[in-house]
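Below you'll find the structure, written out as structure tokens, and then a few comments.
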Amino acid sequence: MMKKIFYFNLIFILLISVSQGQTFKTNVSKRGTTAATFLSIGQSARAVGMGSAFVGVVNDVSSIYWNPAGLTKADGGQILVDHTKWIAGIEYNFFAVSYNIGDLGAVGVSFIGSNIGDMRVTTIDEPWGTGEIFSATDMAISIAYALQLTDRFAIGFNPKFIYQGIWKMSASSFAIDMGVQYVTPFDDAILAMSISNFGTEMRLLGQSNLVLYDPDPYTTGNNNKIPAYLETQDWALPLTFRVGVAYNPVKSENHKLTLAFDALHPSDDYESVNIGFEYGFQDFLFLRAGYKSLFLDDSEESYALGFGLKQNLMGNVAIKVDYAYQDFGRLNNIQKFSLTVSF
């Protein structure tokens, strides 16, 4: 009884602190000061449909992105294919596979890639194009491992390689995600925490750094085409700390309701809160809604909606299709489509 009271108080203090908003506020946002910002784009239509309040909820293959500890709750093998229609016509694809090996833990791999499309090279002298074509690439590859240390506590790790390239320049980095999930004695509510993109800095290097420089453009007769390299700087990854609570107030054979609450502390923005819910009917139809970036001033992100359908096939094979819509204010909206196969 004393343990239940302690954990209830812990969760209650967390919820009250986050609901005040200002408890997590700082005076410095550092917006626009990190590289590889595509790492902050949420993966899985299920998660985005819940307002990205997912660090405690996650119990499937998408745990690789949100909280690798959740892989321990993904039974058997799972495959996820996710497509994001991002702003400005940019698209991202996410692919993940996981397998639960019982007492030995759970393993998974994931891949995130961009589809930005080709663009014309333009200059001041040739604003309509020089005839050359260039593109930009975002990519991340990871290998995750999670272990159920006790019947209530799980921990997970997700090392990854990150790459960005644009025309003749590129940058790379190594990082790791870490997370924990704890099933509390308070009606099995889940308390979870994760830290994402803890790694090395990135610096763009390549042939585009090489330029021809005139050290004295006001003097004639000197060498005005001296080879020189433009200096670029190191940029940190978008480090993000999440703490969240997930609770099932309704859980029966036909109905299941999940409430989720996440607080975020990013390295490149102010602190904010995500809230969301998921209602499941007979493990077949799922309805979701949420609100992202609560208490975050000047944010274009707000409400999110989503739904999913799950169909069990022969044996233990199941297919699930999910869709999510998120409002982006002046930037219109984003849409996500996910296909999950469990076996």
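Bear in mind these aren't lab numbers, they're just calculated from the coordinates by the rules spelled out. All values derive from a computational prediction rather than experimental measurement. Heads up, the Cβs are rebuilt from the backbone with ideal geometry, glycines too, and the neighbour counts pull from every protein chain shown.
Numbers at a glance
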| item | result |
| --- | --- |
| Helix-derived mean residue ellipticity, 222 nm - over the chain, DSSP H n ≥ 4, -39500 (n - 2.57), to 500 | -2000 deg cm²/dmol |
| Descending principal axes extents, the stretch 27-135, alpha-carbon based, whole Å | 65, 39, 24 |
| Calculated FRET value between residue 207 and residue 85, using beta carbons and R₀ = 30 Å, to 0.05 | 0.40 |
| Exposure proxy order (Cβ contacts within 10 Å, fewest to most) of 132, 301 | 132, 301 |
| In Hz, Karplus ³J(HN,Hα) per residue of the stretch 167-176 (6.51, -1.76, 1.60; θ = phi - 60°; x = Gly, Pro) | 6, 9, 10, 8, 8, 9, 7, 10, 8, 9 |
| Highest average packing first - 187-195, 42-50, Cβ atoms within 10 Å | 42-50, 187-195 |
| Relative packing of peptides 282-289, 259-266, 196-203 - highest average C-beta neighbours within 10 Å first | 259-266, 196-203, 282-289 |
| Förster radius 22 Å - calculated FRET efficiency between residue 107 and residue 341, Cβ distance, rounded to 0.05 | 0.80 |
| In order through the stretch 115-128: 3J(HN,Hα) via Karplus (6.51 cos²θ - 1.76 cosθ + 1.60), integer Hz, x for Gly, Pro | 9, 9, x, 7, 9, 7, 7, 10, 9, 5, 6, 10, x, 8 |
| Degrees between helix 2-19 axis and first principal axis of the chain (Cα, 0 to 90, nearest 10) | 40 |
| Environment charge of residue 137, counting only residues whose C-beta is closer than 13 Å and scoring Lys/Arg +1, Asp/Glu -1 | -2 |
| Spin-label pair residue 75/residue 122, simplified geometry with 7 Å Cα→Cβ offset, distance in nm | 5.6 |
| R0 of 51 Å, Cβ-Cβ distance residue 281-residue 234: FRET efficiency to nearest 0.05 | 0.50 |
| Neighbour-count order for 330, 31, fewest beta carbons within 10 angstrom listed first | 330, 31 |
| Within the stretch 99-207: Cβ-based charge dipole about Cα centre, in debye rounded to nearest 20 (Lys, Arg +1; Asp, Glu -1) | 220 |
| Point-to-point label distance, residue 174-residue 220, nm (Cα→Cβ direction, 7 Å offset) | 5.7 |
| Length-normalised contact order of the stretch 270-343 in % [C-alpha pairs under 8 Å, at least 6 apart] | 23 |
| Neighbour-count order for 75, 297, fewest beta carbons within 10 angstrom listed first | 297, 75 |
